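The values are calculated or read from the model by the stated rules, or taken from the named source; none is laboratory data. Just so it is clear, the model here is predicted, and its values are computed rather than measured. Here Cβ is always computed from backbone atoms with ideal geometry, including for glycine, and neighbour counts include all displayed protein chains. Surface areas here come from the heavy atoms of the whole protein model, side chains and all, with no ligands, DNA or RNA. Shrake-Rupley method; radii C 1.70, N 1.55, O 1.52, S 1.80 Å.
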Amino acid sequence: MVEPKWTLLVHGGAGSMVRGKLSPEQDAGARAGLGHALNAGSEVLANSGSAMDAVSAAVIKLEDDAHFNAGHGAVFTFDGIIELDASIMEGAMRRAGAVTGVRHTRNPVLLARAVMEHSPHVMLSREGADAFSREQGIEQVHPGYFATPERWRQLEELKANKLDYFDIDMKYGTVGAVAVDGDGNVAAATSTGGLTGKRWGRIGDSPIIGAGNYADNRAAAVSATGAGEYFIRIGVAHEICARIRMLDENAEAAANHVIAELGELGGTGGVIVAAPDGSAIFSFNTPGMYRGRATHGGDQYIAIYGDE
Ligand code: ASP
């Protein structure tokens with residue numbers, strides 16, 4: 001059997017990672033986590049699976065990994081609880097699903113997918129989303145499952161130093177995956193705990209279709225990470241796809257343009273973009289971004305720092 005042509009990109013958040021700042025354990029652990037996510041998604045794509053199945057499989061691995069701010073290891077709200085957001089989209093029919101503020105679903109990306117596949121809606125929130133999750137028979141966990149001592153320490157540090165919510169050290173770790181499968185279909189998935197110390201039911205860009213996540217076969221699949229409010233104001237993920245579709249820009253030019261615009265408004269962060277023509281783009285204006293790429297034929301790349 002000839003292996004289909006496919007592309008998979010993953011991210012584990014953008015932030016101020018520079019050499020020497022992460023401990024060797026954090027560095028190696030994050031790289032291993034990105035590798036597991038790439039392997040899970042690659043296996044799907046190499047066996048002629050769909051981009052949708054591949055991004056789901058990759059994001060589940062990242063949600064289960066405490067190195068990243070999604071699922072197990074997500075950040076705490078100001079009130080000391082964990083509220084998870086996720087979204088997913090496929091590029092053929094532009095079907096999408098998203099959840100925000102969920103507290104009991106082990107893998108929020110699976111719940112976002114269930115919203116897309118088994119409800120007439122695109123976005124569900126909080127207790128309602130958790131109730132839908134139970135009805136769908138999706139794995140439930142005690143909220144304590146998501147908590148880690150390191151994230152609790154970060155919340156205490158934020159409160160003690162009255163740090164800005166957008167301090168980039170306080171939020172990196174959102175995860176995402178984008179893929180193009182052998183049929184040329186694209187898909188994108190994004191999952192996060194949001195910002196450390198978020199209050200008042202704050203929702204970022206990750207579960208907002210068009211802001212933190214978008215997929216359109218005519219353009220690309222995009223997953224974002226960064227200061228969510230800026231990504232919402234620009235509609236980053238959709239804007240990148242719109243530029244590709246309407247201005248005929250390639251994925252790299254479109255992504256770089258929109259990330260530059262984000263920077264001009266004061267926003268920090270980045271995107272991963274996979275397009276049906278095989279483009280596989282990372283674009284970010286932070287010192288580092290946890291990121292990885294795999295393509296048909298076995299090529300795999302994993303990086304953290306900007307100069308890798
Ligand atoms: N974009 C996420 C949010 O604002 C956070 C992040 O990507 O680090 O909720």
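Condition test on Arg95, is it out of contact with any helix residue (DSSP H, G or I) (no Cβ under 6 Å at 6 or more places or on another chain), of a type in the set (Lys, Arg) and away from the ligand (no atom under 15 Å from the Cβ)? No: the conditions fail for Arg95.
Would you check which residues across the range 196-217 are under 30 Å from Val180 (Cβ atoms) and in contact (Cβ under 8 Å) with a residue 40 or more places away in the chain and list them? Walk me through how you get there before you give the answer.
The initial filter retains those residues of the range 196-217 that are under 30 Å from Val180 (Cβ atoms), namely 203-217.
Within the range 196-217, Ile203, Gly204, Ser206, Pro207, Ile208, Ile209, Gly212, Asn213, Tyr214, Ala215, Asp216, Asn217 meet the criteria.
Pairing residues of the range 7-23 that are more than 24 Å from Ala294 (Cβ to Cβ) with residues that are within 16 Å of the ligand (Cβ to nearest atom) and in a loop (DSSP other than H, G, I, E, B), at Cβ distances under 9 Å and at least 6 apart in sequence or on separate chains, gives Ser16/Asp167; Ser16/Tyr172; Ser16/Thr268; Ser16/Thr286; Ser16/Pro287; Val18/Pro287; Lys21/Pro287. Tally time: how many residues in the range 197-250 are of a type in the set (Lys, Arg), more than 12 Å from the ligand (Cβ to nearest atom) and part of a loop (DSSP other than H, G, I, E, B)? Summing the residues that are of a type in the set (Lys, Arg), more than 12 Å from the ligand (Cβ to nearest atom) and part of a loop (DSSP other than H, G, I, E, B) in the range 197-250 gives 2.
Conditions tested, residue by residue: (1) assigned to a strand (DSSP E or B); (2) more than 24 Å from Glu3 (Cα to Cα); (3) of a type in the set (Lys, Arg).
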residue	(1), (2), (3)
Ser56	no, no, no
Ile88	yes, yes, no
Val99	yes, yes, no
Ser133	no, yes, no
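Would you check which residues across the range 92-143 are among the charged types (D, E, K, R) and open to solvent by less than 20 Å² (accessible area, probe 1.4 Å) and list them?
First, the residues of the range 92-143 that are among the charged types (D, E, K, R): 94-95, 103, 106, 113, 117, 126-127, 130, 134-135, 139.
Once the filter is applied, which keeps residues that are among the charged types (D, E, K, R) and open to solvent by less than 20 Å² (accessible area, probe 1.4 Å), the range 92-143 yields only Asp130.
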